[in-house]
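Notes for the one structure printed next.
Read-outs throughout are calculated quantities, based only on the coordinates presented, and are distinct from any laboratory measurement. Since we're looking at a predicted model, the values are computed, not measured. Neighbour counts run over all protein chains shown; Cβ positions are idealised from the backbone, glycine included.
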Amino acid sequence: MGDQKGVTLIEVLVGIALIAVICITTLNYFSYGVGGIGRQGNRRAALERARQRLEELAATNATSIQPSDTNPHWLTCAGSPCSWTIRNSVTPETIQVGTLNQRMETTVQWVDDPSVTPGITTDTLAIGVKVWFTSDTTDDEYHRVYLRTLRTP
Amino acid sequence: MLELLIAIIISSIALLAATMPFIAERVFWNTGRRQTEAQRDAQMVFRSMASFARESSSFTTGGSSGDVTLAFTRASGNVCFEGGSTFNSGQLRRFDGACGGPAPTILIDGVRSKVTQFVVTQVTANKLVNVQLQITHENRQNETLQTDLFLRNAT
């Protein structure tokens, strides 16, 4: 046997084991990719909810969302159409994103737009909407969408 | 010969074992693709509606639960969106003019993607309308999106 050519059972088994390891590693990448598609789906749903909030804010009377000072304020909506409450501390809401209940934050702040009323620093409202699409509420682009716009009163 | 037979048997078992995860991965992959395409189709409908809603001064809703209409009144010509689970096998169309008019634009074709739910709810008369759209892609993947549309030129 020693001088015969060919492969031994051990060599075949080692080969199969190597292929199995490579297959499992590849499958992990597939799973990661599929998980990413799922997260992207939740992100799209969150984006629509954020857009929905901006539409609600665009449609509302501007006087009902004006803060009393130039600090950031948080808005919450009750009812339909929205009845707005303004608070000066972080006030999250819970909304349905797809099939999940997620966190939403709506902020409003006076800012200066030189093209609107020169010299007046509180002539424009900066509106921001954050909607999370993961259970992790880390405040970054991997966990929430953030849409911003300006509105003149 | 015996070694070769054992190697073939072991290889066959290993291949069979590996087949199941690959089949599962294919199912996951197709699920993800359908989900993405269903949401993309729904988003395209929303963007189309939003672009006309911005220019409109008022809107009206009508139809039945399976065949809903959302019509916008514009200075440059009215536009109607019609769709639902019973409308042309789940289509959603845009008519330039009155609902049911000639030469519509098909937004959801009812074949590749189908509308399984199209709900239009007035939030504020002639100013803000809520739209919920559920799309089924390749008869398997349901995705629901909802948004509000603001009529900037509302009277």
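Once you charge only the Cβ atoms, +1 for Lys and Arg and -1 for Asp and Glu, what is the size of the charge dipole of segment A:50-153 about its Cα centre, to the nearest 20 debye?
Computed about the Cα centre, the dipole is about 240 debye.
Averaged across A:82-93, how many Cβ atoms of other chains sit within 10 Å of each residue's Cβ atom?
Taking the mean over all residues of the peptide, I get 0.
Rounded, prolate or oblate, given the Cα gyration tensor of segment B:24-94, with a/c below 1.5 counting as rounded?
Oblate, since a/c reaches 1.5 and b/c is not below a/b.
Would you list which aspartates and glutamates come within 20 Å of A:Lys5, measuring only between C-alpha atoms, while excluding same-chain residues fewer than 8 positions from it?
B:Glu3
Pull up all non-local amide H partners of A:Asp113: gap of 5 or more, or a different chain, and H-to-H distance under 5 Å with H placed in the peptide plane.
A:Asp123, A:Thr124
Rounding to the nearest 20 debye, state how big the charge dipole of the protein assembly as shown is about its Cα centre with +1 on each Lys and Arg Cβ and -1 on each Asp and Glu Cβ.
That gives the protein assembly as shown a dipole magnitude of about 540 debye.
Please name which of A:Ile16, A:His73, A:Thr152 has its Cα lying farthest along the dipole of chain A towards the positive end, using unit charges on Cβ (Lys, Arg +1; Asp, Glu -1) and the Cα centre as origin.
Positive-most Cα among the choices belongs to A:Ile16.
When the dipole is taken about the Cα centre of segment B:22-92, and only Lys, Arg (+1) and Asp, Glu (-1) are charged at their Cβ, what size is it in debye, to the nearest 20?
Values: 7 positive and 6 negative charges, 43 e Å.
Dipole about the Cα centre, nearest 20: 200 debye.
Say we join alpha carbon atoms closer than 10 Å with springs in a Gaussian network model of chain A; which of A:Val116, A:Val129, A:Val14 then has the biggest fluctuation?
In the Gaussian network model the winner is A:Val14.
By its C-alpha gyration tensor, with a ≥ b ≥ c as the square roots of the eigenvalues, how is the protein assembly as shown shaped: rounded for a/c under 1.5, else prolate for a/b larger than b/c, else oblate?
Oblate shape, in that a/c is at least 1.5 and b/c is the bigger or equal ratio.
Sort by residue number and name the cysteines in the protein assembly as shown that have no neighbouring cysteine Cβ under 4.7 Å.
Lone cysteines by the Cβ rule: A:Cys23.
Select from A:Gly128, A:Gly79, A:Gly98 the residue whose mean-square fluctuation is largest in a Gaussian network model of chain A (Cα-Cα springs shorter than 10 Å).
Maximum among the listed residues: A:Gly79.
Okay, helix-only estimate at 222 nm for the protein assembly as shown: each DSSP H run of n ≥ 4 adds -39500 (n - 2.57), divide by all residues, round to 500 deg cm²/dmol; what do you get?
Helix-only estimate at 222 nm: -13000 deg cm²/dmol.
With a ≥ b ≥ c taken as the square roots of the eigenvalues of the C-alpha gyration tensor of segment B:2-150, please select rounded if a/c is under 1.5 and otherwise prolate if a/b is larger than b/c or oblate if it is not?
Prolate shape, in that a/c is at least 1.5 and a/b is the bigger ratio.
Each label point is 7 Å from the Cα along the Cα-to-Cβ direction; what then is the distance between the points at B:Arg112 and A:Asn101, in nm?
Result: 3.8 nm between the two label points.
At a Cα cut-off below 14 Å, give the aspartates and glutamates reachable from B:Lys127, other chains included and same-chain residues fewer than 8 away excluded.
A:Glu55, A:Glu56, B:Glu55, B:Asp148
I want to make sure I understand the PRE zone here: with the label point 7 angstrom from the Cα of A:Ile19 toward its beta carbon, which residues in segment B:6-26 have backbone N atoms less than 13 Å away?
Of the residues in segment B:6-26, B:7-19 have backbone N under 13 Å from the label point off A:Ile19.
Sorting A:Met104, B:Met44, B:Met49 on the 10 Å Cβ count, fewest up front, what's the list?
Details: A:Met104 20, B:Met44 12, B:Met49 25.
Least to most surrounded, the residues fall as B:Met44, A:Met104, B:Met49.
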